[in-house]
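The structure under discussion appears below in the form of structure tokens.
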Amino acid sequence: QVQLVESGGGLVQPGGSLRLSCTASGFIFSFSSLTMSWYRQASGKERELVASITSDGGSTSYADSMKGRFTISRDNFQKTVFLQMNSLKPEDTAVYYCYARRVIGSGAMTYWGKGTLVTVSS
């Protein structure tokens, strides 16, 4: 059974930091073949892309509002992707989701985790 399990969410004060983790299991193909991303969804808003990292970790991309504050990384041996979040703001409060994508031919297989809640509040 394919699973993406997020952890590391919680309550943090404005200006604080959190590190999210997402560990994959159950894939029949290598974790290193997956492009990994983090998305978030705040209450009453649409889900939005936070950051992505290529399968080999060689390239990353970020939403404009996260640049300079968030860092995505991965450990293919541990089958885990991370999101380091610094200088957190109340508007970063959301459920953060892990997302995996593998291109197969002209299509792709995609997977979602169940999410971890991040609350930024004093």
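The values are calculated or read from the model by the stated rules, or taken from the named source; none is laboratory data. A quick note: this is a predicted structure, and the numbers were derived from the prediction, not measured. Backbone-built Cβ (ideal geometry, glycine too); neighbour counts: all protein chains shown. These area figures cover heavy atoms from the full protein model, side chains too; ligands, DNA and RNA do not enter into them. Shrake-Rupley method; radii C 1.70, N 1.55, O 1.52, S 1.80 Å.
Remarks
- Springs join every pair of Cα atoms under 10 Å in this Gaussian network model of the chain, and among 26, 44, 57 the largest mean-square fluctuation is at 44.
- Protein accessible area in the chain, 1.4 Å probe - carbon and sulfur %: 47
- DSSP-assigned coil residues among GluC sites (Glu not before Pro) in the stretch 1-106, each with at most 12 further Cβ atoms within 10 Å: 46
- Restricting the chymotrypsin sites (Phe, Trp or Tyr not before Pro) of the stretch 65-106 to loop positions (DSSP other than H, G, I, E, B) with no more than 16 neighbouring Cβ atoms within 10 Å leaves 77.
- Couplings for the stretch 106-118, taken from phi via the Karplus curve 6.51 cos²θ - 1.76 cosθ + 1.60 with θ = phi - 60°, read 8, x, 8, 9, 10, 9, 10, x, 8, x, 9, 8, 10 Hz in order; Gly and Pro are left as x.
- At a probe radius of 1.4 angstrom, the accessible area of the chain per residue rounds to 54 square angstrom.
- For the chain, radius of gyration divided by Kirkwood radius, i.e. Rg to Rh on alpha-carbons: 0.97
- Of all the options 21, 55, 106, the one that moves most in a Gaussian network model of the chain with Cα springs shorter than 10 angstrom is 106.
- GNM flexibility winner over the chain from 72, 53, 104 (Cα, springs under 10 Å): 104
- Other-chain or far-sequence residues with amide H under 5 Å of residue 115's (modelled H): 6, 98
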